[in-house]
Amino acid sequence: MTNLSAWQIYDLLNRPRPLWLVGVDLSGAYLKGANLREADLRDANLSGADLTGAILRGANLEGANLESAVLDGAILNDARLVNANLSFAHLARASLKGCNLNQANLAAAILTECNLREAHLVGANLSKANLDEALLLQTICKGANLSKASLRYAHLKGATLFEANLTDTDLTGAQLGGAMGPDGEVWD
């Protein structure tokens with residue numbers, strides 16, 4: 001991985017789009033409000049980075065390390081986060097509509113009021129994640145680990161939770177109408 005200076009980061013963020021940042025080391029970087037739309041950040045290290053309000057729409061973050069990154073209010077619609085590490089990340093009020101988060105690690109992530117509508121979370125690890133008041137309409141969570149997660153007052157209408165681990169998951173006040181449960185039953 002390449003470690004970039006603050007000047008190099010500024011220079012990169014002001015280049016024509018899309019950016020190609022495969023394998024770059026941006027750990028701890030201050031990228032608040034950055035426009036990284038459609039950037040190629042495969043295998044990048046963004047651990048501890050501040051991406052509050054950043055635009056990552058359509059970005060490729062496959063295999064990226066976003067552990068403990070702050071993405072509150074960020075826009076990641078249609079981004080690719082397959083096998084990404086988002087453990088302990090803060091994504092409150094972020095928009096991940098249509099994202100591919102298959103096999104992603106979101107353990108203990110903060111996803112309160114997050115928009116995950118039509119996202120793919122097949123085989124994702126969401127154990128101990130906070131998804132309170134999150135929007136999970138039509139989300140596919142097949143085989144996902146949601147053990148000890150909090151989904152209080154979340155909207156799961158039409159979500160697929162087939163083969164998901166819901167052990168000790170808090171679904172207090174969650175809207176489950178039309179969602180498919182772990183055993184394939186459709187909830188009322």
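Nothing in this text is a laboratory measurement; each read-out follows from the coordinates by a stated rule. Note that this is a predicted model, so its numbers are computed, not measured. When we count neighbours, we look across all protein chains shown, and the Cβ atoms used for this are built from the backbone with ideal geometry, even at glycine.
Structure notes:
- Bridging of K157 to lysines at a Cα separation below 29 Å is possible for K97, K128, K142, K148, once same-chain residues fewer than 8 apart are set aside.
- Legend: Rg and Dmax of segment 42-188, from Cα coordinates, 13.6, 42 Å.
- Only aspartates and glutamates eight or more places from K32 in sequence, or on another chain, were considered; those with a Cα closer than 13 Å are D50, D72.
- Descending by average beta-carbon neighbour count within 10 Å, the peptides 134-141, 36-43 line up as 134-141, 36-43, the highest first.
- In terms of its C-alpha gyration tensor, segment 45-104 has an oblate overall shape, because the principal axis ratio a/c (a ≥ b ≥ c, square roots of the eigenvalues) is not below 1.5 and a/b does not outweigh b/c.
- Pairs of Cα atoms nearer than 8 Å and 6+ residues apart set the relative contact order; for the chain it is 11 percent.
- Considering only segment 50-188, percent of DSSP beta bridges that pair antiparallel, nearest 5: 5
- Under the convention that each Lys and Arg Cβ holds +1 and each Asp and Glu Cβ holds -1, the size of the dipole of segment 18-74 around its Cα centre is about 200 debye.
- Estimated [θ] at 222 nm from DSSP helical runs (n ≥ 4, -39500 (n - 2.57)) normalised by residues in the chain, nearest 500: -1000 deg cm²/dmol
- Each residue of segment 142-147 is assigned a 3J(HN,Hα), and the resulting list reads 4, x, 6, 9, 10, 4 Hz, derived from the Karplus form 6.51 cos²θ - 1.76 cosθ + 1.60 (θ = phi - 60°), x at Gly and Pro.
- Gain on full extension, evaluated as 0.36 nm per residue between D168 and W187 minus their Cα-Cα distance, stands at 5.0 nm.
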